[in-house]
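Everything on this sheet refers to the single structure shown next.
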Amino acid sequence: MDEKVEIIKVGIADMNIVSAPNRIRTSGLGSCVGVVIYDQVKDIAGLVHIMLPDSSLSKAGTMNVAKFADTGVKELVKKLVQIGARPSFLKAKIAGGAQMFQFSNTSDMMRIGPRNVEAVKRELAELKIAIMAEDVGGNSGRTIEFCPKSKILHIRTVNKGTQEW
Amino acid sequence: MGFIRNLSSIHLDILKEIGNIGAGHAATALSKLLNKKIDMQVPHVKIVTFDEMMELSGGADHVVAAVFLRIEGEAPGSMFFVLPPEQATVFIKQMIGDEEFTFDQLAENEIATSALQELGNILSGSYLSSLSDFTGLALYPSVPALSVDMVGAIISYGLIELSQVSDYAIVIDTALNEDDVEISESVRGHFLLLPDPDSFHIIFESLGVRDNG
């Protein structure tokens, strides 16, 4: 009963790993996508907060792998496997990818939310990880928290409160 | 990240002055609009990580009303006028003359939404036109978009261009508030100007300062 539950926070363009009874959270997802990958049987999970769809967009010398859908998802899976998750038992839940502002001349960059979602799905499909729940698109920011024991993803928005996925 | 490493104290002073001039004009416009004294703080120019950027406006989870516009033209960038709900409510009440207004009604109240959008429009317009006069650069604002949501969700939009080049942002931050109201730091309105990475040397050059000077 007196187990202390710690909440592990993941920043923007960041990733981390959690095991039960602790939970993992990332705040204020807009066009960014939060990808939770967990082992169906073992109570371990990881979360990555992705900003951009493709690492080929990077013009920086040093690259933060957690920023991009292609490199971020791969790296997270690698980290999970390192701590004992089994690739064939991995499942995913994703949230985010909103279009926060509506502009008349929607350039590619303003469509970043949907592009992030597409890229994450492509990457997960390639790694044969099934998506068990997704709350993507729309025009609201989301704060998400995942419990690796119950495998429930709590999604909070400003207008709809907290929902379970 | 190279462009950030090359910044000297002269460059930071120039950016500070840009914040000063831009927000100064915006404060004057706000003061005329509301017929009130408006107090402006000395601008801060900060080099921050994306997470620190969210903390500047109260944390990624914090709910704010923000007007966002893209700056197009010779030195593209993003600009936000961020208001905490308390301050947005005060401004809206004064503009629409309805003392009963509360922030929860914003979504259904078209006049209030429109007033807030127009406020952002006028203020960011005067910020930009003074910046354009000062630098001699042609800068055009996009139509401003209003959103009431979490800081993280809103501000990350202004970081998209930047995030392709760097894990840090240079932000020119100026706080405004009504002069006669005792107000805590968290309820001030903030102007955040985020030039795109390639715009910095254009801005510096327009003012006769070399990039690596």
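The values are calculated or read from the model by the stated rules, or taken from the named source; none is laboratory data. Not measured: the values here are computed from a predicted model. Heads up, the Cβs are rebuilt from the backbone with ideal geometry, glycines too, and the neighbour counts pull from every protein chain shown.
Among the residues of the stretch A:119-165, the ones that are more than 30 Å from B:Q105 (Cα to Cα), surrounded by 21 or more Cβ atoms within 10 Å (Cβ to Cβ) and in contact with a helix residue (DSSP H, G or I) (Cβ under 7 Å, 6 or more places away or on another chain) come to 4 in all. Taken over the stretch B:45-70, the criterion of being more than 20 Å from A:T157 (Cα to Cα) and at pLDDT below 85 is satisfied by B:L56 alone. Here are A:V48, A:V77, A:V36, A:V65: which of them is farther than 27 Å from A:V158 by Cα, β-branched (V, I, T), crowded, with 21+ Cβ neighbours inside 10 Å and under 14 Å from the mean Cα position of the chain (by Cα)? Selected residue: A:V77, the only one of A:V48, A:V77, A:V36, A:V65 that is farther than 27 Å from A:V158 by Cα, β-branched (V, I, T), crowded, with 21+ Cβ neighbours inside 10 Å and under 14 Å from the mean Cα position of the chain (by Cα).
Specify the residue that is nearest to B:L33 (Cα to Cα); the eligible residues are those in the stretch B:103-112 that are more than 14 Å from every other protein chain (Cβ to nearest Cβ) and either out of contact with any helix residue (DSSP H, G or I) (no Cβ under 7 Å at 6 or more places or on another chain) or buried (at least 17 other Cβ atoms within 10 Å of the Cβ) (or both).
Here is the first cut: in the stretch B:103-112, the ones more than 14 Å from every other protein chain (Cβ to nearest Cβ) are B:109-112.
Pick out the ones that are also either out of contact with any helix residue (DSSP H, G or I) (no Cβ under 7 Å at 6 or more places or on another chain) or buried (at least 17 other Cβ atoms within 10 Å of the Cβ) (or both) and you get B:109-110, B:112.
Details: B:N109: 21, B:E110: 20, B:A112: 15 Å.
My answer is B:A112.
Can you name the residue in the stretch B:48-65 that is within 14 Å of the chain's Cα centre (by Cα) and facing chain A (nearest Cβ under 9 Å) and, of all such residues, is nearest to B:L7 (Cα to Cα)?
Only one residue tops the list, namely B:M53.
Of all the numbered requirements in (1) farther than 26 Å from B:I38 by Cα; (2) without any contact (Cβ under 8 Å) to a residue 40 or more places away in the chain, B:D133 misses one, and that requirement is (1).
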